[in-house]
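Notes follow the structure.
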Amino acid sequence: MKLTVIPPKDPWYADGLSFTCTCCGNCCTGGPGFVWMSDEEIDRLAEHLGLSRDETFKQYCRKLGQKVSLKEKLSPQGNYDCIFLEEIPAKKEKGKVALSRRVCGIYPVRPLQCRTWPFWDGNLASKQLWDEAAKRCPGMNDGRHYTQERIEALRDAPDWPDKPPTSGGRK
Ligand code: SF4
Ligand code: SF4
C-alpha cells in the first residue's frame with residue numbers, strides 16, 4: 001500500500017510577524033506575574049551583579065514550588081513591577097514631546113522568558129491571541145520582520161548563551 005504523506009499545514013504566521021520593542025515597559029509590570037529563572041540563569045545573574053548565588057537569590061528571587069521567579073516591587077501606581085524594571089526619565093528636547101522609557105536593568109542577562117517575548121506558544125496559538133497580546137505590547141505588529149523559522153526558533157529556544165535568541169529590542 002502506498003502511503004500518502006500529508007504536508008503539515010502552514011501556521012497562521014507563515015508569512016512572518018513584525019516586532020520591535022518600544023521600551024514601554026508594559027510587559028515587565030501590571031498585575032502579579034512570574035519571570036521564571038533556570039539554575040543557569042540565576043548563576044549568570046549572580047555573576048553579572050557581582051554577588052554570590054545565595055545573595056542574588058535572597059535579594060532578587062522567590063521560590064514557588066519547585067520553580068524560581070524574580071521578585072516584584074509595588075509601584076506607586078499599584079502595579080507589580082519586575083524588580084529589575086528601571087525608569088529612564090525623558091530627555092527634554094526643544095520642539096519634541098518628551099517620553100520616559102522603562103527598561104530592563106539586567107538586559108545582558110535577562111532570562112529566556114524575556115528574550116523570547118512575544119514569540120510564546122500562547123501568543124502564537126492563533127492570530128486572535130496574538131492580536132490580544134498586542135493590545136498591551138505596542139511593539140507587536142510593527143518594526144522588524146521575523147520569518148516563520150526565526151519565530152519558531154525563538155518559541156522553542158531551550159536556553160540562550162551560545163546562540164542568543166534575542167528578539168531584537170529590549171525583550
Ligand atoms: S516588549 Fe512590548 S510591552 Fe514589552 S516593553 Fe517592549 S513594546 Fe513594551
Ligand atoms: S525584561 Fe528585565 S525588567 Fe522586564 S521582566 Fe524581564 S528581567 Fe524583568
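List of remarks:
- Filter pass, ILE106 being surrounded by 17 or more Cβ atoms within 10 Å (Cβ to Cβ), under 22 Å from PHE34 (Cα atoms), of a type outside the set (S, T, N, Q) and in contact (Cβ under 8 Å) with a residue 24 or more places away in the chain: yes
- In the range 28-43, the qualifying residues are those that are under 16 Å from the mean Cα position of the chain (by Cα) and closer than 12 Å to ARG110 by Cα, and the one that is surrounded by the most Cβ atoms within 10 Å (Cβ to Cβ) is CYS28.
- For the residues LYS92, LYS127, LYS135, LYS96, the requirement of being over 27 Å from GLN59 (Cβ atoms) and in contact with a Phe, Trp or Tyr (Cβ under 6 Å, 6 or more places away or on another chain) singles out LYS127.
- A single entry from CYS82, CYS21, CYS61 fulfils the requirement of being hydrophobic (A, V, I, L, M, F, W, C) and at pLDDT below 95: CYS21.
- The residue list ALA46, ALA125 contains one member that is free of Cβ contacts under 8 Å to residues at least 12 places away in the same chain, touching a helix residue (DSSP H, G or I) at 6+ places or on another chain (Cβ under 7 Å) and either more than 30 Å from TRP12 (Cβ to Cβ) or surrounded by 12 or more Cβ atoms within 10 Å (Cβ to Cβ) (or both), which is ALA46.
The values are calculated or read from the model by the stated rules, or taken from the named source; none is laboratory data. Treat the numbers as computed from the prediction; the structure is a model and nothing was measured. All Cβ positions, even for glycine, are placed from backbone atoms using ideal geometry, and neighbour counts span all protein chains on display.
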